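Read the structure below first, then the notes.
Read the figures in this text as sums done on the coordinates, not as results from a lab. This one's a predicted model, so the numbers in the text were calculated from it and none came from an experiment. Note: ideal-geometry Cβ built from the backbone for every residue, glycine included; neighbour counts use all protein chains shown.
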Amino acid sequence: MTDGEETHLPTASVVLGNIAQAYQFKGDFKRAKEYIIKSLEIERGIYEDECHPMITESINNLGSVCFLLGETEEAISLLSKSLSGFVSFFGEAVPHMKVVTGYPNLGSAYDRVGRYDEAVEHLQKAMDMQKQLHGDEPHPDTAAILLKSASVRSNLEQQNKAIGLYQRSLEMFRHIHGEAVPRSETGRAWLRWHRHTDAWETTIEHSHDVISKG
């Protein structure tokens, strides 16, 4: 390999990653996976360290696409590996967004396969980091983690904890987005909270709002 060829390889891997992202936005997850694998092959041919940030990023992207494809066990393996790589590179003393988002992503994958205790552990870690970053200020990422955590607690049949988390998530989404247009996250939080509190009439009424307004 010449110096010139080596110089262009990282650019090629980035372009392949961008193509993968475009396919992912279109909802064509199989094609997205193909291009991420191509990008990853190039990066592994350049960098000796498997924990190199570019390799770790591609592994993370591959894990996310596998999750979207329903290939959850493969997603768990990849997301776990990428999270370890991000922690190794960035540390955890000052939360980095790659680490902060890595924990709930892996937690969601654990939740899907019924590994609820591990899901709780990873989501709590994400919550702790969100608190370091944002304190008690409402933030959409914090609200989303609360919503995921509520779902896991419900799966564990810890309904009182689930109700409390759904309520906190709903209040935070309302604070961020208001109620003029019920965003999808706000709608999900509202519906799930009311299902757990048996407020069925309100649930049905708000269901029509969510369907009609998105």
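Put a plus charge on the Cβ of each Lys and Arg, a minus charge on the Cβ of each Asp and Glu, and nothing anywhere else: the dipole of region 1-123 about its Cα centre is then about 500 debye. Relative to the current alpha-carbon distance between Gln167 and Val15, full extension at 0.36 nm per residue lengthens the span by 50.5 nm. Summing +1 for each Lys or Arg and -1 for each Asp or Glu among the other residues whose beta-carbon sits under 14 angstrom from that of Asp128 gives -2.
Given the Cα-Cα distance of Lys26 and Leu156 and 0.36 nm per residue of separation, how much length would full extension add, in nm?
On the way: separation 130, 0.36 × 130 = 46.80 nm, distance 3.43 nm.
Result for the pair: 43.4 nm of gain on full extension.
A Förster distance of 22 Å, applied to the separation of the beta-carbon atoms of Tyr47 and Glu121, puts the FRET efficiency at 0.10. The label-point distance for Glu137 and Ser77, in a model that sets each label 7 Å from Cα toward Cβ, rounds to 4.1 nm. In this label model, Ala93 and Val113 are separated by 3.4 nm, measuring between points 7 Å along each Cα→Cβ vector.
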